[in-house]
Each structure stands twice: as structure tokens, then as C-alpha cells.
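For reference, the structure discussed in these notes is given below.
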Amino acid sequence: MTTIAPSILARYTDDIAFVAEEKPATTPEAFVDQLQTAAHNLGFFARINGAEDLETAATYLSDAIASTGAERKVLLNKAVEYLVNTSDMVDEYRDMV
């Protein structure tokens with residue numbers, strides 16, 4: 001993760017990649033794609049509550065990528081708010097597979 005808050009998003013890349021069944025994302029754009037795939041896999045296939053939060057995070061992150069300055073920071077912070085429960089959802093998913 002290079003252009004947007006690498007340290008903030010890095011803690012989620014391995015978990016999201018696992019659920020998306022891909023290698024960890026190395027760009028914010030790839031991470032957005034994986035978030036969408038992970039949301040689908042967690043929600044549609046595994047029926048895990050909160051999966052829609054990943055879709056929302058992907059939307060905020062996508063908007064942050066296209067923004068600059070203070071707006072980018074606000075959007076990124078909103079995305080991170082929706083990623084808070086990622087580990088719990090992924091742990092539940094791991095128990096299922």
C-alpha cells in the first residue's frame with residue numbers, strides 16, 4: 001500500500017487477501033477491489049454479519065484515492081471506521097472454511 005496511509009491499511013491486507021483468495025494487495029486500488037470481493041464472499045457465501053461494512057469501506061477508500069488534502073483524510077478515516085471488525089469477520093470465516 002503506497003499512496004494512501006500504508007500503515008493504517010496494512011493491518012487489513014492479509015485478512016482481506018485471504019477472504020478474497022488472492023495475494024495481499026500492494027496498491028490502494030487493488031485493496032479496494034479485494035475489499036469488494038471479500039465483502040461478497042463474507043456476505044453472500046458465508047452469511048457473516050457486517051460484511052456490508054467492507055463494501056462501505058471500499059466506497060470511502062475509492063473516494064479517498066480520488067481526493068486530496070483534508071477531504072482525503074476524512075474519507076480515509078471513514079473507511080477505517082468500517083474496517084474495525086475485519087479481524088472478527090475473517091476469524092469467523094476461517095472457522096467456516
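Coordinate-derived values only; no laboratory data. None of these values were measured; they are calculated from a predicted model. Note: ideal-geometry Cβ built from the backbone for every residue, glycine included; neighbour counts use all protein chains shown.
Quick grid of which residues meet (1) touching a Cys at 6+ places or on another chain (Cβ under 9 Å); (2) among the acidic types (Asp, Glu); (3) closer than 14 Å to Tyr12 by Cβ:
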| position | (1), (2), (3) |
| --- | --- |
| Tyr60 | no, no, yes |
| Asp63 | no, yes, no |
| Gly69 | no, no, no |
| Leu76 | no, no, yes |
| Leu83 | no, no, yes |
Checklist outcome for this item: Of the candidates Ile16, Ile48, the one satisfying the condition of being touching a residue at least 24 places away in the same chain (Cβ under 8 Å), out of contact with any Pro (no Cβ under 7 Å at 6 or more places or on another chain) and in a loop (DSSP other than H, G, I, E, B) is Ile48
Checklist outcome for this item: Counted residues in segment 51-78 being free of Cβ contacts under 8 Å to residues at least 40 places away in the same chain, in a helix (DSSP H, G or I) and on the phi < 0 side of the Ramachandran plot come to 19
Checklist outcome for this item: Thr26 passes all but one of the listed conditions (1) part of a loop (DSSP other than H, G, I, E, B); (2) surrounded by 17 or more Cβ atoms within 10 Å (Cβ to Cβ); the exception is number (2)
Next on the checklist: Every residue in segment 37-72 that is aromatic (Phe, Trp, Tyr) and under 14 Å from the mean Cα position of the chain (by Cα), please.
Outcome noted: Tyr60
